[in-house]
Each structure stands twice: as structure tokens, then as C-alpha cells.
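Colleague: Would you mind keeping the following structure in view while I ask a few things?
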Amino acid sequence: MDAEKSTLALEAVSKETVDLEHIPIEEVFENLKCTEEGLSSDEVRARLGVFGYNKLEEKKESKILKFLGFMWNPLSWVMEAAAIIAIAVPRGEDKKKEVDYQDFVGILILLLINSTISFMEENNAGNAAAALMARLAPKAKVLRDGKWNEEDASVLVPGDIISIKLGDIIPADARLLQGDPLKIDQSALTGESLPVTKNPGDVIYSGSTCKQGEIEAVVIATGLHTFFGKAAHLVESTTNVGHFQKVLTAIGNFCICSIVTGLLFETIVMFAMQHRKATEGIANLLVLLIGGIPIAMPTVLSVTMAIGSHRLSQQ
């Protein structure tokens with residue numbers, strides 16, 4: 001019966017029906033069914049089944065689909081239309097009409113080069129972000145079975161007693177126990193430029209860094225339930241289009257509208273006014289299609305942002 005009540009209480013904690021950040025520390029221990037002596041190995045295994053591992057799941061994405069995605073945007077559509085025109089509409093005199101394979105191959109090579117560069121830099125940016133998360137707190141000093149041991153941060157569970165000292169990266173959200181105040185750098189989470197003072201009973205967040213002091217703490221949240229995890233989940237699940245993406249889309253739409261207007265004007269001049277044959281104006285139309293597209297713009301922006309992400313992960 002006691003085990004069943006304990007499980008129900010822990011499930012209530014996992015559903016965040018209890019505000020462990022603000023209730024008195026005594027009630028934290030009561031709700032987490034733990035003590036300052038730490039948890040046993042059996043309790044840890046049971047809690048891993050309730051709360052899961054202390055890590056953020058990464059979405060697996062097909063590399064092929066990701067690569068093809070860089071060829072599926074308005075600017076690339078115009079280039080692809082130019083390639084189709086180059087190979088589908090023969091040019092030259094009536095007796096010597098030829099398919100323009102050179103333009104077709106050239107356009108495809110240009111598309112492949114831009115897509116490859118964008119894919120590689122985007123992939124490197126993803127690796128940099130994964131490396132940044134992997135280095136947040138790979139290890140933690142935790143009290144289990146009455147002994148202090150260094151464990152993987154991924155196996156921490158709510159109710160664990162951990163030790164925090166100078167230079168440590170906080171492995172999970174926790175409440176400080178008795179001891180001297182800490183200086184915590186949480187600029188990566190809140191944007192605060194200076195370390196903040198954390199007194200016994202205060203909350204420290206996963207991903208922040210201890211700049212001064214040494215104290216013990218009780219873990220209250222892990223994985224997606226941490227402040228860092230919730231922020232990452234919100235960013236991942238958002239459907240809002242950012243301002244940068246809106247500007248990029250507006251530039252692409254402007255270029256496409258300008259190209260279409262130019263093509264219509266040139267078509268009217270060549271065929272309605274000058275009465276040229278259809279095959280004679282294809283070269284001019286291809287020049288407008290290809291020359292009017294800033295095809296390298298998305299690649300340049302992707303590379304710039306990816307390099308910034310990579311440098312940020314190194315720092």
C-alpha cells in the first residue's frame with residue numbers, strides 16, 4: 001500500500017501538479033518521498049520508469065529528405081523551371097533545332113552546389129547544437145545507497161541529492177539545502193549578465209554554472225521537465241515564422257514577381273511587337289530567369305548562421 005501511494009505521489013510530481021519550486025523544502029521531501037540521505041539504487045530504477053532519463057530526445061531526420069528540402073523553395077523553383085525550359089524547348093533554326101544540354105547541366109550543377117553547401121553547414125550547425133547539449137553536464141556527484149558517487153547526469157531522478165561546487169554545470173533543476181549561498185551564472189537561460197546569489201531553499205536551473213561556493217541540493221525536475229527542457233521544447237514545437245524568415249521570404253517573393261514581370265514584358269516585345277519565332281527568344285528568357293535570381297542568398301545566410309552556431313558551441 002505504501003509503495004502504491006509513493007508511486008501515485010511521484011506520478012503527480014511528473015505531471016507537475018505540485019509546485020516544487022516554491023513550496024517549503026520540507027514539503028519538497030514529502031512530495032518526492034525522499035530524505036537528505038539520498039535514494040537507493042532500487043528507488044532510482046523505479047523513478048526512471050516514472051520520470052524517464054535526464055536528457056532531451058533528439059528528432060531523427062532523413063538526410064536525403066533534408067538535402068532535397070534545400071531544392072524545394074521559391075528561388076529554387078525558378079531555377080528548376082529554367083532547367084526544364086532549357087531541355088524541353090529546342091532552339092536554333094528550323095532545320096537545326098537543338099536541345100540545350102549545356103544550360104540544363106549548368107543549372108543543375110549550380111543547384112546541387114548551393115544545396116550541398118547549405119546541407120553541410122546546416123548539418124554542422126545541428127552537430128554543434130547537439131554537442132553543446134551533450135556538454136551541459138555529462139557527470140554529477142550524487143548521494144546513493146549512503147555513498148557519494150559520480151554518475152552520468154542522464155540517470156538523475158527527482159529526489160536525488162547532488163553536490164554542487166565551483167565550476168560545476170547544474171545537471172538538473174534542484175532546490176538548495178543548508179549551506180553557504182552560491183553564485184550562479186544563468187546567463188545562458190535568462191540573459192542575466194552577472195552571476196546571481198542563490199540561498200538555501202532557492203531553485204537552481206539545469207544548464208547554469210556555479211561560480212562560487214559549495215552546497216548540496218535535492219533534484220526536483222529532470223529532462224523535459226526542467227526549465228531548459230521546457231524552453232527547448234517550446235522552440236522545437238513553435239509554428240510561428242520568425243522575422244528573419246519573413247524578410248527572406250519577402251525578398252524571394254519580390255525577386256520572383258520581378259522576374260515574372262520582366263518575362264511578360266520581354267515576351268510581349270519579342271513576340272507581339274517584333275513577331276519573332278518562339279525558339280529565338282528562349283535564350284533571352286533563360287538569361288532573365290537565371291540572372292534575376294539571387295540563388296546564392298539562402299546559402300550565404302545559412303552558412304553565416306551555421307558558422308555562428310558552431311562558434312557559439314565552442315565557447
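Colleague: Under a Cβ-Cβ cut-off of 10 Å, what is the net charge of the residues other than PRO181 that fall near it, where Lys and Arg count +1 and Asp and Glu count -1?
Modeller: Counting the neighbours of PRO181, the net charge comes to 0.
Colleague: Taking the Cβ of PRO200 as the centre, find all other residues whose Cβ is under 10 Å away and add up their charges (Lys, Arg: +1; Asp, Glu: -1).
Modeller: -1
Colleague: Using Cβ contacts closer than 10 Å as the measure, can you line up ILE161, ILE23 from fewest to most?
Modeller: On the way: ILE161 21, ILE23 14.
With the fewest neighbours first, ILE161, ILE23 line up as ILE23, ILE161.
Colleague: May I ask you to derive the FRET efficiency for GLU214 and ASN253 from their Cβ-Cβ distance with R0 = 45 Å, giving the value to the nearest 0.05?
Modeller: Calculated transfer efficiency: 0.20.
Colleague: If you take the beta carbon distance between LYS147 and THR190 as r and set R0 to 25 Å, what does 1/(1 + (r/R0)^6) give as a FRET efficiency, to the nearest 0.05?
Modeller: Calculated value: 0.15.
Colleague: Where does each of 26-36, 164-174 land if you order them by average Cβ count within 10 Å, highest first?
Modeller: On the way: 26-36: 16.5, 164-174: 21.5.
Packing proxy ranking, top to bottom: 164-174, 26-36.
Colleague: Could you tell me how far the Cα centroid of region 17-59 sits from the Cα centroid of region 170-193, in Å?
Modeller: The two parts, judged by their Cα centres, are 18 Å apart.
Colleague: What shape does region 167-234 have by the C-alpha gyration tensor, where a ≥ b ≥ c are the square roots of the eigenvalues, rounded means a/c under 1.5, and otherwise prolate means a/b greater than b/c and oblate the rest?
Modeller: Details: a/c = 2.23, a/b = 1.31, b/c = 1.70.
In terms of gyration-tensor shape, oblate.
Colleague: Summing +1 for each Lys or Arg and -1 for each Asp or Glu, what net charge is found among the other residues whose Cβ lies under 10 Å from the Cβ of ILE23?
Modeller: -4
Colleague: Can you give the extra length, in nm with one decimal, that the chain gains between GLU80 and SER41 once fully stretched, where that is 0.36 nm per residue apart less the Cα-Cα distance? Provide the component values of the computation, followed by the final result.
Modeller: Working: separation 39, 0.36 × 39 = 14.04 nm, distance 6.00 nm.
Here the segment from GLU80 to SER41 would lengthen by 8.0 nm.
Colleague: Would you please give the FRET efficiency between PHE29 and LYS183, computed as 1/(1 + (r/R0)^6) with r the Cβ-Cβ distance and R0 = 22 Å, to the nearest 0.05? Please report the intermediate quantities before stating the final value.
Modeller: Values: r = 26 Å, r/R0 = 1.16.
It comes out at approximately 0.30.
Colleague: What pairs in LYS183/LYS230; LYS33/LYS139; LYS211/LYS246; LYS60/LYS141; LYS33/LYS211; LYS66/LYS211 have C-alpha atoms more than 29 Å from each other?
Modeller: Details: LYS183/LYS230 24 Å; LYS33/LYS139 24 Å; LYS211/LYS246 40 Å; LYS60/LYS141 31 Å; LYS33/LYS211 31 Å; LYS66/LYS211 41 Å.
From the list (LYS183/LYS230; LYS33/LYS139; LYS211/LYS246; LYS60/LYS141; LYS33/LYS211; LYS66/LYS211), the Cα-Cα distance tops 29 Å for LYS211/LYS246; LYS60/LYS141; LYS33/LYS211; LYS66/LYS211.
Colleague: Quote to one decimal, in nm, the extra length available between SER163 and VAL203 on full extension: 0.36 nm per residue of separation minus the C-alpha distance between them.
Modeller: Separation in residues times 0.36 nm, less the Cα-Cα distance, equals 13.0 nm.
Readers should treat all values here as calculations from the given coordinates under stated rules, not as data from a laboratory. Only a predicted model underlies this, so the values are computations on that prediction, with no experimental measurement involved. Backbone-built Cβ (ideal geometry, glycine too); neighbour counts: all protein chains shown.
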